[in-house]
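Peer 1: Before we start, here is the structure in question, set down as structure tokens.
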Amino acid sequence: MAPRKIIIDTDPGQDDAFAILFALGSPAEIEVVGITTVGGNVPLPLTSKNALKVVELAGRPDVPVYAGCPGPMVKTLMTAEYVHGKTGLDGADLPEPVTPLQSEHGVNYLVRAIMDAPEGELTVCTLGPMTNLAMAMTMEPRIIPRLREVVLMGGGFFEGGNATPAAEFNIFVDPHAAHKVFDSGVPLTMAGIDCTYTAMMTLEWLDRLRATGSRAAIEAANLADFYRQYGSHKFGTPGRPIHDACVTGYLLAPKIYEKRQCAVTVEIVSPETIGMTVVDWWHVTGRRKNCNVLRRIEPAPFFELMLQRISALP
Ligand code: BDR
Ligand code: CA
């Protein structure tokens with residue numbers, strides 16, 4: 001089978017870096033045709049530079065990176081240096097990228113790439129606030145039925161939120177964008193924090209990753225060493241979820257995920273719950289089931305696969 005063609009929309013972020021390396025280490029199954037960046041974990045100039053650093057680390061400077069929107073559609077940008085550090089990729093000392101950013105805007109690229117690809121071919125994976133995709137859908141609604149699927153890291157329901165008691169960070173930063181995408185009719189798969197919290201990276205796994213000896217694996221382990229420090233108050237173990245990597249894991253091994261097709265809406269009105277993904281798990285509303293909600297991952301095969309694929313990079 002030909003590899004699945006994806007565009008990764010991202011705000012790196014250590015866990016975004018894992019997701020990208022995991023995908024680039026899996027060329028038989030996944031072809032990353034382009035990367036678009038968005039302001040999120042850190043401001044756009046940093047997320048764009050970080051995306052270039054990660055493709056260079058993977059030995060894939062040929063993957064084009066396009067800078068998209070610097071901030072959300074309506075709200076003011078909220079960043080997460082408290083999780084990811086000042087650079088967004090704290091923990092690894094990656095060289096300044098030599099590859100330039102593409103000159104085309106990320107939103108224009110999304111529209112062009114999706115319109116030019118055969119219908120049903122492209123998947124967009126969003127690993128940050130969904131601003132770029134929502135803007136592209138606003139600019140050119142004909143892209144919506146042309147997409148194979150949108151697979152996103154964001155949201156949650158049963159675990160509560162990590163940005164507010166009700167909302168997960170990616171959706172909270174740009175709830176209006178998420179609302180637009182969830183309402184669009186595009187086939188959606190959501191790896192929310194209910195799902196990502198079920199796959200905790202352990203220190204033993206990190207040691208094994210580092211011991212594989214590839215540069216990509218060693219730098220990924222360095223990134224994880226910084227990233228795992230945040231959240232000890234919550235998890236009570238040295239292990240942490242690597243949220244965005246769960247999107248790549250799903251593309252590669254959907255069978256190790258428990259899931260259910262549900263009606264999901266994004267709250268954009270209430271000040272207390274703005275950014276909440278409201279999952280109709282029991283289908284009490286009778287609304288159209290617009291989203292494949294991932295609920296649990298089998299951690300062992302997930303981490304084995306990620307180790308294998310990242311360590312296959314140079
Ligand atoms: C999400 O927010 C960011 O901090 C991570 O990169 C991930 O995409 C987790 O809530
Ligand atoms: Ca992210």
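The values are calculated or read from the model by the stated rules, or taken from the named source; none is laboratory data. Predicted model, so just to flag it, every value in this text is computed and none were measured. Cβ sites come from the backbone with ideal geometry, for glycine too, and all protein chains shown count toward neighbours. Accessible surface areas use protein heavy atoms only, side chains included; no ligands, DNA or RNA. Shrake-Rupley method; radii C 1.70, N 1.55, O 1.52, S 1.80 Å.
Peer 1: Is it fair to say residue 86 is open to solvent by 10 Å² or more (accessible area, probe 1.4 Å) and touching a Pro at 6+ places or on another chain (Cβ under 8 Å)?
Peer 2: Spelling it out, it is not the case that residue 86 is open to solvent by 10 Å² or more (accessible area, probe 1.4 Å) and touching a Pro at 6+ places or on another chain (Cβ under 8 Å).
Peer 1: If you go through the range 168-182 one residue at a time, how many are closer than 14 Å to residue 152 by Cβ and either more than 12 Å from ligand 1 (Cβ to nearest atom) or in a loop (DSSP other than H, G, I, E, B) (or both)?
Peer 2: Qualifying residue count for the region: 9.
Peer 1: Listed residues 296, 287, 260; which is on the phi < 0 side of the Ramachandran plot, assigned to a strand (DSSP E or B), in contact with a Ser or Thr (Cβ under 9 Å, 6 or more places away or on another chain) and open to solvent by 50 Å² or more (accessible area, probe 1.4 Å)?
Peer 2: Of the residues listed, the single one that is on the phi < 0 side of the Ramachandran plot, assigned to a strand (DSSP E or B), in contact with a Ser or Thr (Cβ under 9 Å, 6 or more places away or on another chain) and open to solvent by 50 Å² or more (accessible area, probe 1.4 Å) is 296.
Peer 1: Looking only at residues in the range 215-239 that are within 11 Å of ligand 1 (Cβ to nearest atom) and either open to solvent by less than 60 Å² (accessible area, probe 1.4 Å) or in a helix (DSSP H, G or I) (or both), which one is modelled with the lowest pLDDT?
Peer 2: 231
Peer 1: Those residues that are touching a residue at least 12 places away in the same chain (Cβ under 8 Å), out of contact with any Cys (no Cβ under 7 Å at 6 or more places or on another chain) and either more than 16 Å from ligand 2 (Cβ to nearest atom) or closer than 19 Å to residue 21 by Cα (or both), I need them from the range 193-206; list them, please.
Peer 2: Scanning the range 193-206 gives 194, 198, 200, 201, 202, 203, 205, 206.
Peer 1: Next up: Return the residue satisfying two criteria in turn: it lies in the range 162-214 and is charged (D, E, K, R) and closer than 20 Å to residue 305 by Cβ, and of such residues it is most open to solvent (accessible area, probe 1.4 Å).
Peer 2: The residue in question is 204.
Peer 1: Then there is this: Kindly provide the set of residues from the range 18-47 that are away from ligand 1 (no atom under 15 Å from the Cβ) and either touching a Phe, Trp or Tyr at 6+ places or on another chain (Cβ under 8 Å) or assigned to a helix (DSSP H, G or I) (or both), ordered by number.
Peer 2: Within the range 18-47, 24, 34, 45 meet the criteria.
Peer 1: When only residues in the range 120-144 that are open to solvent by 10 Å² or more (accessible area, probe 1.4 Å) and closer than 16 Å to residue 182 by Cβ count, which is nearest to ligand 1 (Cβ to nearest atom)?
Peer 2: Looking at the filtered set, the residue picked out is 135.
Peer 1: Only one of 95, 100, 118, 145 is on the phi < 0 side of the Ramachandran plot, more than 16 Å from ligand 2 (Cβ to nearest atom) and assigned to a helix (DSSP H, G or I); which?
Peer 2: 145
Peer 1: Another question, if that's okay. Pick out the one residue from 99, 123, 79 that is farther than 25 Å from residue 240 by Cβ, among the hydroxyl-bearing types (Ser, Thr, Tyr) and under 16 Å from the mean Cα position of the chain (by Cα).
Peer 2: Only one candidate qualifies: 123.
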